[in-house]
1. Could you pull out the residue among Asp608, Asp597 that is surrounded by fewer than 22 Cβ atoms within 10 Å (Cβ to Cβ), charged (D, E, K, R) and under 32 Å from the mean Cα position of the chain (by Cα)?
2. Return the pair list, or none, for Cβ contacts closer than 6 Å from residues in the stretch 149-170 that are under 14 Å from Trp52 (Cα atoms) to residues that are acidic (Asp, Glu) and at pLDDT 95 or above, at least 6 apart or on different chains.
3. Suppose we filter the stretch 395-447 for residues that are at pLDDT below 95, within 27 Å of the chain's Cα centre (by Cα) and within 19 Å of Tyr464 (Cβ to Cβ); how many remain?
4. In the stretch 286-302, what count of residues is obtained for those that are surrounded by fewer than 21 Cβ atoms within 10 Å (Cβ to Cβ), in contact (Cβ under 8 Å) with a residue 60 or more places away in the chain and not aliphatic (A, V, I, L, M)?
5. Look at Leu646 and say whether it is at pLDDT below 90 and either closer than 24 Å to Leu565 by Cβ or surrounded by 15 or more Cβ atoms within 10 Å (Cβ to Cβ) (or both).
6. Between Ala567, Ala590, which is assigned by TED's automatic domain parsing to the domain that holds Phe686, assigned to a loop (DSSP other than H, G, I, E, B) and in contact with a Lys or Arg (Cβ under 8 Å, 6 or more places away or on another chain)?
7. For the stretch 90-104, give me each residue that is under 21 Å from Asp156 (Cα atoms) and surrounded by 13 or more Cβ atoms within 10 Å (Cβ to Cβ).
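The values are calculated or read from the model by the stated rules, or taken from the named source; none is laboratory data. As the structure is a computational prediction, the values presented were derived from the model and not from experiment. For neighbour counting, all protein chains shown are included, and Cβ atoms are generated from backbone atoms with ideal geometry for every residue, glycine included.
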Amino acid sequence: MTPHKFTITAARGMLPLLAKELTAMGISDTKEEQGNIRFTGSLEQAYRVCLWSRVAIRVLMPIAQFSAKTTDELYAGIHDLPWEDHIDGEGSTLAVDFNSFRSKIHHTQYGAQRVKDGVVDRFREQTGERPSVDLHQPDLRINVYVKHNQATVSIDLSGESLHKRGYRVTTTAAPLKEHLAAAILMTADWANLAKQGWSLIDPMCGSGTFLIEAATMAADIAPGLQRDYFGFLYWKQHDKTVWKQLKAEAERRRQSGLSRLPFIMGGDTDASSVKAAKDNIAEAGLGDRIQVEQRDLLDWPAQSKQLSDQGLMVCNPPYGTRIGQVSELHYLYESLGNIISDSLPGWRTTLITDNAELAKFTGLTEFERFPFDNGPIPCQVIHYRAARAVSSKAQMSMPVEVEAPAQAIIVDPDYQVSEHCEMFANRFKKNLKHMAKWAKKNDIDCYRVYDADLPDYAVAIDLYGDAVHVQEYAPPKQIDPEKAVQRLKDVMHVLPLLLDIPASKVVLKLRQKQRGHQQYEAQGAQNQRFKVTESGLQFLVNLTDYLDTGLFIDHRITRQKVASLAAGRDFLNLFAYTGSASVYAAMGGAKTTATLDMSNTYLSWAEDNMALNGFKGDAHRYIRANCLEWLQAAQQEKQRYGLIFLDPPTFSNSSRMEGVFDIQRDHVALIQMAAALLTEDGQLIFSTNRRDFKMDATALSALELKDIRHDTLPLDFKRNAKIHACWLINKA
């Protein structure tokens, strides 16, 4: 793909934020200048900036540079460019943005006129036809910047300022620009706070800009996803295939991210502002995700009992410049500070003001500030620490069970399902009727109902009690990206209707290859664990916060195998995750259990699972360690176990291995280390989910290997015999 040069513009103070965004997008060949960042890359990268940047203003693609000391030179330089490569003549539209800096051409309107004349005259001379002018949403927007009499001519790929997200249908006095709200939230580290489960409130929400931008950041929604116009859409060199793929990826990320959206609430004393906020939130597709109420500022302490211990209060209070009188505003700032100090002491506060002296009236402890402009007004964004730190124990706590409030089934009434959706619905209902009877008979309420049965609907659907976990498989390359996304939307639309449950109970995850402990990394922090039943045992699962749920349901029979072999034995659970195998071993009569994992979070979860089933006391140990390093130490200490369960990740980082641990490459050494800890009559169950795994039986000839993969395949996974491989291993 031919590389191009691009220029990304941003407002004062936002270039560092833009630079971080570009790095996150994989754009590395960058150069920061005053007011912009330049980079060399692909059209796909430029499109990605248009779609995903929260702070960029314009994405320009320079196509020419020449001397322009006079308007005649400017005209000639423009006239000589091959505009026919970028736009058609008759029926097409164009617009021109012209600016100059320390140049002889300083009349911007006349400069723009001469640029337009140069383009139009070229078409007239070549074809007798000419494009017309559309200043609103032209087919081609041309940007010309003359600096020190040198003209740079660019195609404006953004078309109009990227701060226009497409959701603002109702406005209020002095609204905050979308990119400024996003920048403020970025400096507050809101995206990371949201992942940790922090809430957000804006007590002076106006038209709802902070609320919407906070929700899109927390839910991984592309800020440009709702825009119906970009400057490249009607450009002759537009790559439609790449754009469709990027839009499809963004839609998938939106569908998945919405399930991890934390609590977000706004209020305002003005009824018209509340209406404007609700209108804009609904237009953004977040009407069921963000709460807005008409509420006086001094009424917020009464709401604090319903709020979490940690959160971010963010607001754009009146400055006195356009709204309010400066002499009266110090009471407002005092009230903000009092609300936090008295009612929300574990919360941070972020506000934007043009008067730093007023900000001191909050009485809060400032820890950082950034200079931004709110339109023509130079402002400061000030971040305040929490009045009282929440203990690390409280931050890490994971409630045993969180009952989500009852909600109505919220489904978009205007959504049109595709023509094949009925086939999917019928197949799902047929599977559910069959599987539900089997599950009830076997005392199971977490099981797989659908696993890409229809190629067009490539998802796996698992029930966990009355909640649903949906995972999308990567669609085949030959499938149109837009159609694949349509199918995914079909699934998310009909499942609440088919199961008669709230849409909030249907969680979507995007399946992709994971390395090492990525499968354990947090996606969010809703902390909404709930109990499910399997074979008479209870387990805590969490559908929203991690890539996996806390219970690998394809290992149901494998766990039953553990229980059948555990009686009277010391049991070791390696790479234990949430300890479900330990629960089965204890239920099966194990003398002791040792549950080992690197994650404190999952060891705590494992201990909760054990306690939930009545297994407590010194007989049950929980060991935080690198499994590979621990195995070597245990071998030297001559520890012995009658039963070992070994279900390692496909990849893992370990300083004791050569670089990255690979289960295919390194399974021989791993199994040998684990088997060395067996008693003479001990047994090892080894399992892996690597689809193409091949056991090296020759290298393990000193052990007795029995392939039990078919015996451990549950009924609800019979469609996919390669879901896992499993061996029962004895000393020879």
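1. Matching residue, one of Asp608, Asp597: Asp608.
2. From the stretch 149-170, the pairs are His163/Glu178; Arg165/Glu178.
3. Of the residues in that region, 11 qualify.
4. Summing the residues that are surrounded by fewer than 21 Cβ atoms within 10 Å (Cβ to Cβ), in contact (Cβ under 8 Å) with a residue 60 or more places away in the chain and not aliphatic (A, V, I, L, M) in the stretch 286-302 gives 3.
5. Taking the combined requirement at face value, the residue does not satisfy it.
6. Criteria check complete, one pass: Ala590.
7. Ser92, Thr93, Leu94, Ala95, Val96, Asp97, Phe98, Asn99, Ser100
Condition check ((1) touching a Leu at 6+ places or on another chain (Cβ under 6 Å); (2) part of a helix (DSSP H, G or I); (3) buried (at least 18 other Cβ atoms within 10 Å of the Cβ); (4) modelled with pLDDT under 95) across all residues:
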{"position": "Leu225", "(1), (2), (3), (4)": "no, no, yes, no"}
{"position": "Tyr229", "(1), (2), (3), (4)": "no, no, no, no"}
{"position": "His238", "(1), (2), (3), (4)": "no, no, no, no"}
{"position": "Ser256", "(1), (2), (3), (4)": "yes, yes, yes, yes"}
{"position": "Gly267", "(1), (2), (3), (4)": "no, no, yes, no"}
{"position": "Lys278", "(1), (2), (3), (4)": "no, yes, yes, no"}
